[in-house]
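Just below is one structure, and these are the notes that go with it.
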Amino acid sequence: MRAVVLHEFGPPAHLRVADVPTPRPAAGEVAVRVAAVGVQFLETQVRAGTMRGALGGASLPVILGKEIAGVVADVGPNGDPALLGARVLASTTGLGGYAETAVVPTGTLIPVGDGIGLPEAVALYRYGATAQGLIRAARLRAGDRALVLAAAGAVGTVLVQLLKRAGATVVAAARGEHKLALLGKLHADHVVDYTLPGWTGRARDAAGGSMDVVFDHVGGALGRESFELLTPGAGRQIVFGLSSGTPLEVRPMELIGRGLTLTGFSAGLIWSNPVLARDLVTEVLEMATAGQLTPVIGQRFPLERAADAHAAIETRGTVGKTLLIP
């Protein structure tokens, strides 16, 4: 089979397609014929060598890729033959997804109904569950004013739509006209370009006041500017990443003095609870199937262009989810 192999850490060009043996599932595993695999920002860092710990001790060469959608093609010893031919979402143990066939633990399988395409399903998979978890963590109330940073990304495009469904007034912040136009199509109430001077004032004026909730995947200066927008006595900032490379800096006395809440959120806590993860993913898939949620696939690349996919993500030129299509 064909797979994208990383032989040495470095730039995107180090990702190359090669013919490798087709993996066979062991007990408790199935092999999935991959229809689409999601590309994660973390995988670009692993490839570059800055997050080698995410390999879990595996040595090069490796095949990256965690989140896949496809059809079950084989089951391990004593596995359930009824799974053969099933359309599923699944997670590898962290490696093996950038390939025509991937082996996954049976316990990660989530059925995908015929009402949604497999690429669309994987676009909503892990980041849809993350968006649902974020809304729960924010203790969102109908009528809340919510600011979403990096709103045109894979999490943000889902989060904006779910916030609207929950009755929030949504201010979506991103960079550039293309991303802002997309967010308008997703029915954000207001869009702002956070690269322009005075963007926080425009966000406040557009929403008609301070922010009850900020969803912060950026950190650094933007996260700090957003923190200043929070409503005294009620504002909550949910921090779930630091794509800027710099953490949000807030002193405890600032929280106390202004009566604010700062919450750290890790999607890993969702995936450590398989029942919760399955429930959250099933919810977003059902919404999409019913036409209540739009999966945003900004970029699709064949396996041969995996390097281009990584380069696009690193330059922040992507919107929504980026997929590899074997």
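The values are calculated or read from the model by the stated rules, or taken from the named source; none is laboratory data. Since we're looking at a predicted model, the values are computed, not measured. Positions of Cβ are generated from backbone atoms using ideal geometry, with glycine treated the same way; all protein chains shown enter the neighbour counts. For the accessible areas, the whole protein counts, side chains as well, though only heavy atoms, and no ligand, DNA or RNA atoms are used. Shrake-Rupley method; radii C 1.70, N 1.55, O 1.52, S 1.80 Å.
For the residue pair L60 and E228, what label-to-label distance in nm results when each label sits 7 Å from Cα along the Cα-to-beta-carbon direction?
Taking the simple label geometry, L60 and E228 are separated by 4.3 nm.
Just to confirm the number: angle between the C-alpha axis of helix 118-137 and the first principal axis of the chain, 0 to 90 degrees, nearest 10?
40
State the Cα centre-to-centre distance between the range 67-81 and the range 4-56 in whole Å.
Cα centroid of the range 67-81 versus Cα centroid of the range 4-56: 19 Å apart.
Below 11 angstrom from the Cβ of V170, what's the summed charge of the other residues (Lys, Arg +1; Asp, Glu -1)? Present the calculation step by step, with values, prior to reporting the outcome.
On the way: positive: R145, K164, R165; negative: D144, D189.
Neighbour charge sum, excluding V170 itself: +1.
Normalised radius of gyration for the range 131-188, please: alpha carbon Rg relative to 2.2 N^0.38 Å, two decimal places.
Details: Rg = 10.5 Å, N = 58, 2.2 N^0.38 = 10.3 Å.
That works out to 1.02 for the range 131-188.
Classify the chain: rounded, prolate or oblate, from the alpha-carbon gyration tensor (a ≥ b ≥ c, eigenvalue square roots; a/c under 1.5 rounded; otherwise prolate if a/b is larger than b/c)? Numbers along the way, then the final one.
Details: a/c = 2.00, a/b = 1.68, b/c = 1.19.
Verdict is prolate for the chain.
Highest first, please rank the peptides 132-145, 239-252, 28-41 by the mean number of other Cβ atoms sitting within 10 Å of their residues. Don't jump to the answer; show the numbers that get you there.
Details: 132-145: 17.6, 239-252: 15.1, 28-41: 23.1.
My ranking of the peptides, most packed first, is 28-41, 132-145, 239-252.
If each residue of separation counts as 0.36 nm, what is the full-extension length gain between T22 and L84 once their alpha-carbon separation is subtracted?
Answer, rounded to one decimal: 20.6 nm.
Applying the Karplus parametrisation 6.51 cos²θ - 1.76 cosθ + 1.60 with θ = phi - 60° to the phi angles of the range 321-326, what ³J(HN,Hα) value in whole Hz is obtained for each residue in order, glycine and proline being reported as x?
9, 9, 10, 9, 10, x
Evaluate E = 1/(1 + (r/R0)^6) for A206 and R52, where r is the Cβ-Cβ distance and R0 equals 41 Å; express this FRET efficiency to the nearest 0.05. Before the final figure, lay out each step's value.
Working: r = 43 Å, r/R0 = 1.04.
After rounding to 0.05, the efficiency reads 0.45.
State whether the range 22-119 is rounded, prolate or oblate according to the following rule on the C-alpha gyration tensor (a ≥ b ≥ c being the square roots of its eigenvalues): a/c under 1.5 gives rounded; otherwise a/b larger than b/c gives prolate, and the remaining case gives oblate.
Oblate is the answer for the range 22-119, as a/c is 1.5 or above yet b/c matches or exceeds a/b.
Just to confirm, what accessible area per residue do you get for the range 1-154 at 1.4 Å probe, in whole Å²? Each step should come with its number before you reach the end.
On the way: 6020 Å² over 154 residues.
It amounts to 39 Å² per residue over the range 1-154.
Pulled fully out, how much extra length does the chain show between E249 and A142, if you take 0.36 nm times their separation in residues and subtract their Cα-Cα distance?
So the chain would gain 35.6 nm between E249 and A142.
Taking amide H positions as placed 1.01 Å from N in the peptide plane, with prolines and chain starts having none, which residues 5 or more places from G96, or on another chain, fall under 5 Å of its amide H?
Here I63, L64, G65 satisfy the definition.
Please turn the phi angles of the range 166-176 into ³J(HN,Hα) values with the Karplus equation 6.51 cos²θ - 1.76 cosθ + 1.60 (θ = phi - 60°), one per residue in order, whole Hz, x for glycine and proline.
Along the range 166-176, the couplings run 7, x, 7, 8, 9, 9, 9, 10, 7, 10, x Hz.
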